[in-house]
Amino acid sequence: MAPYGSFGDDKALLDSIPAAAFVTPGKHRRMNLIAILVNLLVPWVYFCFVCWAWSYWPHYEVPIFACCCSVGVGLMIAGFSCYLAYQCKAAQTDPKWYSFFAFAMIAAALFATLLGDMNFKSYMEAVYDQKSMMSYPNINPAETHGQQMMDAGRMFFTEGSGLDLRKSMSFKNSDTYCVAPIVSGEDQLASYDYWAVGVNCCEGQNPRFKCGEYFNRHARAGLRLTGVVNDERRPFYRLAVQQAEAAYNIRAEHPMFFYWVQDPLMMTSIWSSAAFTSLVTGCIAHFLFNSCCVGLAVIVFSKSTGVA
């Protein structure tokens, strides 16, 4: 037996204890806190950036940036995190937070792309299209043909112009596509080239048109339909116009489609505000979602290893 006070069996016992057991609790908690904060904040900041890039001018002016740079960088970071997780596993250290970070970045890229693209197509694409198109004042529907205004984005019609609700028509294809001609005076036009339109704002075969600012006596302006969403609707508006031609014995040689409004600039401002609200709401929702995921990960990791 070793003399009292010598190392003997105590030294052998100390050698058998892993070195990791001697890490001070305070230091270990600080390292885990950094991992938690990184997983909480970095995917969220990345989500906000990608959602912004897909919602606004990068998607319109340089779509390759929105697609490759914003999403590609995130996926590269996620791939590098997977590599670090593999290295940790090979070194027999804990890879859990690296793995979580990779999945969090992939999820952020996916959700941000979906929301940003939807935001862009619903609002901002039309706003940017309007800025790149012409604005024409004092257009008389009875004198100016649609073929002369093919680059129009905003049109302000002459005093006395309005909607001829007696010649409104609809076409049903899941949704109801409604049209009404924009006229000046009571006389029949040689060609009805300007049409106010809307979706699901009229009923019946000979519908009462209730789209846009149809009720506003001061409305005499049209906001041109642009963007992917309206490109998909335009063929159905044309079919509704063709039905109106047959029903009312009129002609529409070069039909153009507009939202009927009093102030087109106010309408584009409303779309811009809606896009910003959608972006902010999405960022808040993602922060809450990611926070729940990180909190759940902390609980699961602490139960599996004793520390988070």
Provide the gained length on full extension for the span VAL229 to LYS131, in nm with one decimal, where the gain is 0.36 nm per separating residue minus the Cα-Cα distance. 33.5 nm
Exceeding 24 Å between C-alpha atoms, which entries from my cross-link table qualify? They are LYS131/LYS210; LYS131/LYS172; LYS89/LYS303. LYS131/LYS210; LYS131/LYS172
Residues of the stretch 50-67 with backbone N under 16 Å of the label point set 7 Å from the Cα of MET76 along Cα→Cβ are 50, 64-67
How much of TRP271 can a 1.4 Å solvent probe reach, expressed as accessible area in Å² and rounded to 10? 40
Correct response: the longest run of the chain lacking exposed GluC sites (Glu not before Pro), defined by DSSP loop and at most 15 other Cβ within 10 Å, is 1-142
In debye to the nearest 20, the charge dipole size for the stretch 204-308, taken about the Cα centre with +1 at each Lys and Arg Cβ and -1 at each Asp and Glu Cβ, equals 180
What the 10 Å binned alpha carbon P(r) of the chain shows, as percent of pairs per bin from 0, is 6, 20, 20, 14, 12, 10, 7, 4, 2, 2, 1, 0, 0
For SER174 and MET266 in the same chain, what is the full-extension length gain: residue separation times 0.36 nm, less their Cα-Cα distance, in nm? 30.1 nm
Please list, by residue number, everything in the stretch 139-164 whose backbone N is under 17 Å from a paramagnetic label point 7 Å out along Cα→Cβ of ARG251. 141-148
Quick one: Cα centre-to-centre distance for the stretch 26-101 and the stretch 179-217, in angstrom? 51
For the chain, which whole-number percentage of the solvent-accessible area (1.4 Å probe, protein heavy atoms only) is attributable to carbon and sulfur atoms? 63
In debye to the nearest 20, the charge dipole size for the chain, taken about the Cα centre with +1 at each Lys and Arg Cβ and -1 at each Asp and Glu Cβ, equals 780
Quick test of the membrane-span-like rule: which DSSP H helices of the chain reach at least 18 Å along their long axis (C-alpha atoms) with mean Kyte hydropathy at least 0.0? 25-55, 72-90, 96-119, 264-305
Going toward the positive end of the dipole of the chain, with +1 on Lys and Arg Cβ and -1 on Asp and Glu Cβ, which of VAL179, TYR83, CYS48 do you reach last? TYR83
Accessible area per residue in Å² at 1.4 Å probe, computed on the chain: 57
Full-extension gain in nm, ALA91 to PHE289, via 0.36 nm per residue minus C-alpha separation: 68.1 nm
Here the longest stretch of the chain that holds no trypsin sites (Lys or Arg not before Pro) in a DSSP loop having at most 15 other beta carbon atoms within 10 Å is 1-207
For a paramagnetic label modelled at 7 Å from the Cα of VAL199 toward its Cβ, which residues of the stretch 268-292 fall within the zone defined by backbone nitrogen distances under 17 Å? 271, 275
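The values are calculated or read from the model by the stated rules, or taken from the named source; none is laboratory data. Just so it is clear, the structure is predicted and the values come from calculations on it, not from any experiment. Here the Cβ is made from the backbone with ideal geometry for all residues, glycine too, and neighbour counts use every protein chain on show. With ligands, DNA and RNA removed, areas are computed over all heavy atoms of the protein, side chains included. Shrake-Rupley method; radii C 1.70, N 1.55, O 1.52, S 1.80 Å.
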